[in-house]
Structures are given as structure tokens and as C-alpha cells.
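Some notes on the structure that comes next.
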Amino acid sequence: MNLDQFQGVNAGYVFELYERYRQNPDSVDAATREVFERWTPTDAGTPAGAATGPVSPDLLQKAVSAFNLAQSIRRYGHLAAQIDPLGSTPLGDPSLAPATHGLSVGDLEQLPASLIGGPAAEGAPSAHAAIEKLREVYCSTTGYDYAHVFVPEERQWLRHAAEARRFRPPADPIDPDELLDRITQIEAFERFLHRTFPGKTRFSVEGLDMLVPILDEIICDAADAGIRNALLGMAHRGRLNVLAHILQKPYAQILAEFKDPIFTRTWRIDLGWTGDVKYHAGARTQSRGGRIQLAMAPNPSHLEAVNPVVVGMARAAGTTANRQGAPQFDGGITLPILIHGDAAFPGQGIVAETLNLSRLFGYDTGGTLHIIANNQLGFTATPSESYSTSYASGLARGFKIPIVHVNADDPVACIEAARLAWAYRARFRRDFLIDLIGYRRYGHNEGDEPAFTQPLVYKAVASHPTVREIWAKRLADTGHAPATAPDEVMKRHFAVLEQALEELKPEEDFVPPIAEPAAPGIAGRAETAVPVDRLREINEALLARPQGFAMHRKLDRAREKRAHVFDNAAERTIDWATAEELAFATILADGTPVRLTGEDVERGTFSQRHAVFHDANTGKQFIPLQEFRHARASFEVHNSPLSENAAIGFEFGYNVQEPARLVVWEAQYGDFINGAQVILDEFVTSGRAKWGLTPSMVFLLPHAYEGQGPDHSSARPERFLQAAADINLRLVNCTTAAQYFHLLRRQAALLERDPLPLFVLTPKSLLRHPAVASAPAELATGRFHSVLDDEQGRGRAKQIRRVVLCSGKVYVDLVTSESRAAAQDVAIVRVEQLYPFPEVALRKTLAGYTTMDEVVWLQEEPENMGAWEFMRPLLEKLIEGRAPLRYIGRARAASPSEGSAAWHQLNQKALVEQALTRHAEVEAPLVMSKEI
Ligand SMILES: Cc1ncc(C[n+]2csc(CCOP(=O)(O)OP(=O)(O)O)c2C)c(N)n1
């Protein structure tokens, strides 16, 4: 038993323990004995070491109280810490006062320091002196908030580091001149921009200047410890300063962005480039003599949305994937650093979603360092309007993340917080949070008047010295003569900026991050076929299982069937899931790693995939694609937590960091992807136009109208089509297993040559449908086709009057309909790729139907959803008046589909009848057919 470990020690228990010690000193452990030995002489007046007589209950009570006081300070001291630079009165807590524990100063002076324990007690003459030392640690300008950490070893380590002042001078020195120089540089940058570009938005860091030295400290320590990639994510506040001084973005480039030159825009627009405001830009650089790569992810205005992206980037940077089996992750070489806003951190749900990834297998980064750039305001909102927790950081407590609240005006405390954060992360490979508490020198932006809403705060800010001034004064007060006078340092930094401005050539210095488009036609030429013999061999290898592995009975039967899929190359034996597994296997055999995630993907929502098998007797897992002997790269598959926004953000980050790996995310049902609308809009579909990013991840989105109601029918393809422009994505709704096989292989082949995000609308009930299955020969020949013509219709092309264009599952409804045989004048053409619009293939196909007098666009979705509104102008242009265009589908609706399965059937049948029977008027409540 170690008394120090007790929080709120129970006096009765200690009495009992003491009684035991008195009877026999050896009956208690050494640490306890040591404490009791010190109690005894004070009371009994006899030398220590002997269990003489009973200690007075009063003394014992006081000893327990002293101990409890110390523990209260350790636990609640942060509530009394001076962490606000503007000097607001700390909340305090009654448990921090000796009187609350029935103690006076005199009592504490009578008690031994060893009762308090830890480094504060070392050399202290009494409990009182030790308590005062503790107060210095816990109630000064740092608030250590770690009592919620559940792992005793971590708590002990944190406590010792704080109380021993391990990361402060003199134990860990700070170069005072270097620090003065750095914070002068930071301030000079803001002041220079303020003067040169008055009123222009820059989201100044002033009031939180110590953010940059904190980053310096972390990055320097991390590089020394072997971190090779540090990935940063942050919002607008202080971003330009961090870009300039941490990411080493040249002043000239930043100044050129302020000048905003216009004439080079034309050719950028030709490439679909829109650019973005300067405080959203990302950057990459090397630091510490090239030992560490630093990257700042570009950031949209949507606060905190970048969090999972950065964490995903860090995961990718720390993962080795070039060998067969599971990839190897090393948190010792990669470090994500997230800088949050104090209103955004508690307010934006994606923060919680990202924190929830931190300890999950497949997502863990070895610890993310979080810094809340806490200026105690969110635009105009006050803390009491922004969060229900006591601190902006409250959410982190639930994730057992140690927190340090630190006053941004105390450079020593800030540097200590940075060192502590890194050291904790290095040792325990867990997240750590620094709540850097400062203020905002100007309004939300520099054109904003903050005194409208915060008159008192801004009165205080107006006369508040900068941290540079505070540090310079502190040096002077402590007798340190700076190497260069503070004013001279300021002049020197100003001169550098002035020179950069003088030499500026905005048009040349402006460096837009533009993604070059791929060479035309690359996608269409990708070779994706795999010979049957090779596929057979791969299939056999995938069916191997560990000796003695007990497969579930039903799965065993399916595997047996699978062993025969290559018996006849012309027979349609390959279903969707088999095509997928064969595609992944061949991609791995080609040397491209695969990462597959999503809710329940290991088995598959529809029990179709079984990427992971569980031994029926032991539960032990077996992942065939990891044991696959032909693989030349790693395979990983993870059931994701129940998140879309952070889960997709993470995969996006992983993908852009390591673009040569195939990253696939699958939605439980396609519509659930709308929980990630921010990530889709801000990163996936527009990241190329704004920031020159080239994502290539795959989204598998189950989509089809099967009577499951408004929420499991549509993956909302209209949303992707609305965002589609300048060749920024691929959207596919393919209808055969072979098409899916070729599509996945094409995506893998294009990862580096023509990277685009790929959205695939995938089947649900059709996963095992014979109409969707393909023959081995179809995998062994050809490639992905963006348009599939009607083979039978082609044979009787001269008879065809109506050409029905459709996509996805409704095609199967048509060809399996009883009315199909009678509709001899109808050809059914599948538009397998919706975007990029397959203009050439479709024109060629339609040209074959010389007698056509009507083109129909058929879809299951309501008229205001699905692909119709996107397709209509393109088809009109393509048909050029050769034939009227007709729409057949559900009428405009607010909800994607009916909520009743019976009603659905009625409408679905009507759709099919309308499509196959020319001029038929089929009554159905929701379906419409109209000429355009
Ligand atoms: C998701 C989202 N909602 C609203 C905004 C508009 N907005 C921009 S900054 C801001 C205040 C942010 O406050 P805080 O997180 O404390 O950061 P600070 O600007 O104070 O550094 C708001 C509401 C936004 N950018 N993103």
C-alpha cells in the first residue's frame, strides 16, 4: 500500500492501519511504515523507528487531513491557477484551503513533509513547506489537469514530471535570448502585415504568440526522438504565422498572396483551379537539417474538419505497406499535431469523432498532440455561450487525455507544457492536450470591431503588454542582459520583412498549388484483364486456410462452391463479392497495398464479403488477403467506428499522404455518407480545385430502390453530380461483377497516373443475383466499359424505335421483366459511368440505332434526384434533336422514396412498364413519364 496513491484517504482506514503498525511495524509495507515512523516521535517524544505508544487520534486526523489537502491541490489546484493573462479571478475550490480540512498553518508546520510525498516533500522542513511548494506547482500559471487519467503509471509519471519541475529551468534550461528573438519575430510579422495591409484579414496570432515556440519545442524534441513526419492541422487563427515560421513558407509568397495578383488566373481556370484564401493554404517543408518532414494540411473554413484528415495522414506516414500480410505501423516515426479553437473544440462534433479514433486498432497514431489556441472568444461568443464544460478542453477528459492549461503570457510555463506533452506522448504513445490560454488582440478578424460586444475585455487588451514585452521585462528584472537590446531585435526582424516587400514580384512569387490534369485517355486505356489461369491460381490461394481452422458451417459450404467458379470459363459463376476479392488479390499481387474500412466491412453489411473469418471454436481470426502468398503488398481491413465524417476524413488524409495505396471506404448504406457532407464538399470533391490535392480513394455506396424506405434506398448520386466539374471525380453505377472487377483494377492502375476519387453505387439484393454475375472469361478479357450496349437490341438495330438509357439496378428490373420479350422495338443501354459523362461511347452507341425515334432516361429516383437533372442537358446536346427525350422515373419528391414496400412495388412495376411499353399510360402514384 502506498498512502500517496490515495485520493481522499479515509481516516478510519488509516487509524486501523496505524494500529496494525503499532502492534507490528513489519505488518505494513515500507512506504507506509516510513510515514508512520515520522508520526510517532512528534506525539510520543521518542526517537523514530519504534512503535511506542498509541498516536493521538487528533494527530492522526491532522496527518490524514494534511495528506488530503495535498491530494486536493494535486487534483483541483488548476482551479486556482492564474491561467488567464487578462487576470480574471480563478474559480478556486474550497478543498484547496487548509481550514476546509480542519488544519491551521501551525498544524502543518508540526507535521512531517513526507506525508505530502513526491518531489515537493524532498528537503522540505515540514508539511507546510511542502504544501507551499505544491501550490507553486499546481496553482501558478499552469493548471495540471490529469486526475481523470485512469492508468496509475501515467498519472504517477505526470505528477512526478510536474512536481519535480522536470521540464523547466534549471532542470531543463531555456535560452532566454533565443526565445526573445523568436517571439519578436512572431510579433514583428503581425505588426508588419497590420501596417502594410491595414484592415486585410490575417487572423493574427497576437495574444497567443507562444503557439509558435510551443510548436518549435515539440517539433525539435520529436525530430531528435526519431519522428520523420509531423503533420499539422489548424484553423485560421495564427495560421499565417505558423506557415511562415514553422512551415518556412517564404515571406515573399505570403506577401504576394496579400497583393492578390490577377493576370495569371486565366490558365489556372483552364485547369479547373479556383484556389483558396491565403489562410486556408497548406504547405510542406523539411526541418532540423532534413531529419523531419513537416506538412500543414490545407484547411477549409469548416472548423475542426481537418482533424481526422491530419490524423489519417499521420497514420499513413507511419505505416509500412510494401510487404505481404498486415501493414506495420510505427507511432515512433509519425506525429500529428492539431491546433483547435476554444469555441470550435467543444462545439464541433467531428472533434469527438476524431478523438474516438485515437485508440482504435487501424486508426491509432501513437498519440496526437492537441493545442487549443484559446483566446477565450469564438467570434463574438463568450465561453459561457460556447461550452457546458468547465474548460474549453472538457471533452478530452472523457478520452482520458492529460490536459495542461497554461497562461500564454508565461513563456517558461508554455515551454514546459510543450516539453511535457512531447515527453508524455513519446513514453505512452497517447494523446495529450495543451490548453493555451491567451486573448485576441483584435476583433475576430482585423476589420472587425470587438468592443461592440466585448467592451470590457478590449479595454483590458488595449493596455495589455505583449508577451515579448513581458519576457523582455522579465529578463531585465532577473538581471539577464540580453545579447541584443529588445528594440534592436525588433528592428532586425522588421528589416527582413521590409526587404521582402521591396523585392516582391507578386506575379512570380505567387505559387499556386495546381494539380496537373492526366494525359487524355489514360483511364480508357488501363489494362485490367487477368488471364483465367492466373485467376484460378489466385482463387485457390485465397481459399487456403490455416491448419485446423474451424470455419462456420454455412461459410464452409460457400467456400466449397467458390472452389468451382473457374471450372467453366464461360459460365456466370463470379458474383459481386468474389469479383471484389479477386480484384483486391490481383491488385496486391501487382504490388499495390489495399486498405478497406467502413462500418462492418469485415463481414459486409449484407454478409457478402467475409474478408475476416472467425474460427467457430476459438474465435481466432483469419484474413485470407493477408495470408495470400502472391501478394507483394499489405492488406488491411477494419470495421470502422460508427462515424462517417471523421471516418471518411481519416481515409482521405491517409489517401493523400500515401497516394500509391488503394484506400476504400464502404458505407453501411449509401445514404449514410451524407453524414460526411463537409468532408466530401470541402476535401474530396473540391480539394483539387482549391488546393491542388489529388485524392483517389474509393467510396462503395450501396444504392438501389428495393422497398426499404426513404433511408436505405439512395446514396444520393445527385449530390456527387452537383459537385462534378473539371474532371474532379468518377461516379459509377455498374451492373456486373466483371465491370466491378475491372473498375477496381482500373482505379488501382490510375492511382498515380490519373488520380480521382471514385464513387461506386453498389448493389444490395443484387449482390448474389445471377443477372449481375459474370463469367471468368469476362474478367480475363476487356476492360471497364462506361457504356454497355444492348446486345440483343444491337442484333435488331433496325427495329429499334425507343432507346432506354439507364444505370444500375433498374436495368436488372427491366431485363427480368415479363414485358421485356414483347418490347422488341426497345433497346436498353446502360450508362455505367455517370461522370465523367461518357460522351464518346454514348454517341457511338446511339449512332447505331438509326431508326430510333425516342430516347428515354429511366431512373428509380425522383425527378429532382438521381442523375436525370445532370444528364438532361448533356443528352439533349448529344441527341441534337434526332429524337425527343423522355423522362421516366418517380415524380419530384421531398423524400427519396416511399416508406411502404407495397407502394414501392407498385411504383417500380409502373416504371418498368412505362419504359418497355411505348405510349402506355401506367397508373402509379409516384411515377411519371413525360416528354421533354
Ligand atoms: C463549422 C463552422 N461554423 C461556423 C464558422 C464561422 N466561424 C468562423 S471563426 C468562428 C469562431 C471560432 O472561434 P474559436 O474556435 O474560438 O476560434 P478563434 O477564431 O477564436 O480563434 C466562427 C463561428 C466556421 N468557420 N465553421
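Computed quantities for the displayed model
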item: Within segment 289-320, tally of residues that are open to solvent by 40 Å² or more (accessible area, probe 1.4 Å), out of contact with any strand residue (DSSP E or B) (no Cβ under 9 Å at 6 or more places or on another chain) and in contact (Cβ under 8 Å) with a residue 60 or more places away in the chain; result: 3
item: Members of segment 326-336 found to be closer than 27 Å to residue 644 by Cα and either within 14 Å of the chain's Cα centre (by Cα) or open to solvent by 10 Å² or more (accessible area, probe 1.4 Å) (or both), listed by number; result: 326, 327, 328, 329, 330, 335, 336
item: Filter pass, residue 436 being surrounded by 23 or more Cβ atoms within 10 Å (Cβ to Cβ), outside any loop (DSSP other than H, G, I, E, B), touching a residue at least 24 places away in the same chain (Cβ under 8 Å) and within 15 Å of the ligand (Cβ to nearest atom); result: yes
item: Options 147, 120; residue that is touching a helix residue (DSSP H, G or I) at 6+ places or on another chain (Cβ under 9 Å) and in a loop (DSSP other than H, G, I, E, B); result: 147
item: Helices (runs of 4 or more DSSP H) completely within segment 223-288 that count 3 or more residues being more than 24 Å from the chain's Cα centre (by Cα) and modelled with pLDDT under 90; result: 265-270
item: Residues within segment 886-903 that are farther than 21 Å from residue 876 by Cβ and among the aliphatic types (A, V, I, L, M), tallied; result: 4
item: Pair list, Cβ < 8 Å and 6+ apart or interchain, from segment 321-348 residues that are within 16 Å of the ligand (Cβ to nearest atom) to residues that are part of a loop (DSSP other than H, G, I, E, B) and of a type in the set (Asp, Glu); result: 340/304; 341/304; 344/304; 345/304; 348/304
item: Segment 847-883, subset modelled with pLDDT under 95 and farther than 24 Å from residue 795 by Cβ, residue least open to solvent (accessible area, probe 1.4 Å); result: 881
item: Every residue from segment 366-397 that is part of a loop (DSSP other than H, G, I, E, B) and either more than 9 Å from the ligand (Cβ to nearest atom) or closer than 30 Å to residue 334 by Cα (or both); result: 366, 367, 368, 375, 382, 387, 388, 389, 390, 391, 392, 393
item: Of residues in segment 238-251 being open to solvent by 30 Å² or more (accessible area, probe 1.4 Å) and not hydroxyl-bearing (Ser, Thr, Tyr), the one farthest from residue 422 (Cα to Cα); result: 250
item: Single residue of segment 388-400 satisfying the filter (crowded, with 24+ Cβ neighbours inside 10 Å and hydrophobic (A, V, I, L, M, F, W, C)) that is farthest from residue 171 (Cα to Cα); result: 392
item: Qualifying residue in segment 192-202 (condition: in contact with a helix residue (DSSP H, G or I) (Cβ under 6 Å, 6 or more places away or on another chain) and open to solvent by less than 10 Å² (accessible area, probe 1.4 Å)); result: yes
item: Qualifying residue in segment 678-695 (condition: closer than 21 Å to residue 321 by Cβ, touching a Leu at 6+ places or on another chain (Cβ under 9 Å) and in contact (Cβ under 8 Å) with a residue 24 or more places away in the chain); result: yes
item: Members of segment 763-783 that are open to solvent by less than 20 Å² (accessible area, probe 1.4 Å) and of a type outside the set (Lys, Arg); result: 763, 766, 767, 772, 773, 774, 775, 776, 779
item: Helices (runs of 4 or more DSSP H) contained in segment 493-601 and holding at least 3 residues at pLDDT 95 or above and surrounded by 14 or more Cβ atoms within 10 Å (Cβ to Cβ); result: 532-543, 576-589
item: Complete set of residues in segment 35-89 that are small (Gly, Ala, Ser), more than 41 Å from the chain's Cα centre (by Cα) and modelled with pLDDT of 65 or more; result: 56, 63, 65, 66
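The values are calculated or read from the model by the stated rules, or taken from the named source; none is laboratory data. Owing to the predicted nature of the structure, the values given are computational and were not obtained by experimental measurement. Virtual Cβ from ideal backbone geometry, glycine too; neighbours counted across all protein chains shown. Side chains are part of the model used for accessible areas, which takes the heavy atoms of the whole protein and leaves out ligands, DNA and RNA. Shrake-Rupley method; radii C 1.70, N 1.55, O 1.52, S 1.80 Å.
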